[in-house]
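The values are calculated or read from the model by the stated rules, or taken from the named source; none is laboratory data. Values in this document were obtained by computation on a predicted structure and should not be read as measured data. Backbone-built Cβ (ideal geometry, glycine too); neighbour counts: all protein chains shown.
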């Protein structure tokens, strides 16, 4: 199936049912009074994350999703039935935004997560609601409120721990084939990868991470050159970026210049993505003589003035790839431990703050004089 990572849909919540106008009419009960019931609430539209879907391809065929309208009220104080909700299943990692305002209304990161994106209309009131001592036969009712209507832009952002970044033919797909069971297309021409690929890199039992390969970037991608930057959104959820650099490009261009062009395009697209942790991976070392690998790679690093982590590998032969994967796994585990410690610390601080607030409130209540504590002179 074709990978589809963007779609537009219309969601229309149900209108609320109208209130009823009625009076109780029974034998031997004169002037029975108003008995018009309320209408039912309109159904709402929800997005629900499911692991059964991998793309947004289904939304090419159905683009409008309607929730049920609430029923009108009836006599004898019978309320109308509420409208049935509409639940739309989407892949995990889907972000929904309102096309009119640009506001993000749903970000579905976990299986089963359900978020309301269009609220059903409130029910109308029957005339029984308006009776009073001065108006014992009201003829007033209200109509149900209309449900929300929205045009949503759906974007699928793949959930991966590590994202691969680089020029076309830098060896990103070859690396993910080498480290995982994923089998993306590999060929000797640029833009072989036309859509993101995911691979699970297993180091040992119960130790693994997900790697994402996206189509290559070229200079001017922010202006639409090549495949543009539309696939960069798939790297927004990653914890770590691997910047693959071809140490010996076929077109004999300068590897450092190419690397700088990629970083510039990354910065134009998103400052957040630009500031994400990034490692440099010098690939295709097998194309260089053994005695020239170290000096050639060092010259690239010197020109880039890069001070972060550096790895020299050959994705084709696998040389250096396993060591890279092992270091990534250790780094991700360390990051997870730090996040868990930060979350636990935040919970402890919140609990302490709530305890202090509760103690202060109880102390204030204990010091306040009660109504019988200080009798007045009149007593």
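Using the structure shown, decide if residue 293 is assigned by TED's automatic domain parsing to the domain that holds residue 233, more than 21 Å from residue 240 (Cβ to Cβ) and in contact with a strand residue (DSSP E or B) (Cβ under 8 Å, 6 or more places away or on another chain).
On the way: assigned by TED's automatic domain parsing to the domain that holds residue 233: yes; more than 21 Å from residue 240 (Cβ to Cβ): yes; in contact with a strand residue (DSSP E or B) (Cβ under 8 Å, 6 or more places away or on another chain): yes.
Against the criterion (assigned by TED's automatic domain parsing to the domain that holds residue 233, more than 21 Å from residue 240 (Cβ to Cβ) and in contact with a strand residue (DSSP E or B) (Cβ under 8 Å, 6 or more places away or on another chain)), residue 293 qualifies.
Among the residues that make up region 171-178, is at least one of them at positive phi, touching a strand residue (DSSP E or B) at 6+ places or on another chain (Cβ under 6 Å), assigned to a loop (DSSP other than H, G, I, E, B) and at pLDDT 80 or above?
Start the filter on region 171-178 by keeping residues that are at positive phi, which leaves 171.
So of that shortlist, the ones also touching a strand residue (DSSP E or B) at 6+ places or on another chain (Cβ under 6 Å) come out as 171.
Add one more test, that the residue is assigned to a loop (DSSP other than H, G, I, E, B), and what stays is 171.
Right, trim to at pLDDT 80 or above and you get 171.
Within region 171-178 (the criterion being at positive phi, touching a strand residue (DSSP E or B) at 6+ places or on another chain (Cβ under 6 Å), assigned to a loop (DSSP other than H, G, I, E, B) and at pLDDT 80 or above), the answer is yes, since at least one residue qualifies.
For (1) out of contact with any helix residue (DSSP H, G or I) (no Cβ under 6 Å at 6 or more places or on another chain); (2) surrounded by fewer than 15 Cβ atoms within 10 Å (Cβ to Cβ); (3) touching a residue at least 12 places away in the same chain (Cβ under 8 Å), each residue gets a yes or a no:
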site	(1), (2), (3)
269	no, no, yes
274	no, no, no
280	yes, no, yes
284	yes, no, yes
291	yes, yes, no
300	no, no, yes
303	no, yes, yes
312	no, no, yes
317	no, yes, yes
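The single condition among (1) crowded, with 16+ Cβ neighbours inside 10 Å; (2) modelled with pLDDT under 85; (3) outside any helix (DSSP H, G or I) that residue 250 does not satisfy is (1). Among the residues of this structure, residue 11 does not count as one that is crowded, with 17+ Cβ neighbours inside 10 Å, in contact with a helix residue (DSSP H, G or I) (Cβ under 9 Å, 6 or more places away or on another chain) and more than 30 Å from residue 131 (Cα to Cα).
Tally time: how many residues in region 254-270 are assigned to a loop (DSSP other than H, G, I, E, B) and modelled with pLDDT under 85? Before you say what the answer is, go through the steps one by one.
Initial filter on region 254-270 (assigned to a loop (DSSP other than H, G, I, E, B)): 254, 270.
Filter once more, so that each one left must be modelled with pLDDT under 85: 270.
Looking only at that region, the number is 1.
Checking the structure you have, find out if any residue of region 185-201 is more than 30 Å from residue 42 (Cα to Cα), crowded, with 16+ Cβ neighbours inside 10 Å and modelled with pLDDT of 85 or more. The answer is yes, given that some residue of region 185-201 is more than 30 Å from residue 42 (Cα to Cα), crowded, with 16+ Cβ neighbours inside 10 Å and modelled with pLDDT of 85 or more.
Based on what the data block shows, is residue 163 in a strand (DSSP E or B) and at pLDDT below 90? Lay out the reasoning, then the answer.
Working: in a strand (DSSP E or B): yes; at pLDDT below 90: yes.
Yes.
Condition check: over 30 Å from residue 338 (Cβ atoms), within 27 Å of the chain's Cα centre (by Cα), modelled with pLDDT under 85 and assigned by TED's automatic domain parsing to the domain that holds residue 299. Does residue 234 satisfy that? No.
Considering only region 297-305, I want to know if a residue exists there that is in the same structural domain as residue 252 (by TED's automatic domain parsing) and outside any helix (DSSP H, G or I). Yes, because at least one residue in region 297-305 is in the same structural domain as residue 252 (by TED's automatic domain parsing) and outside any helix (DSSP H, G or I).
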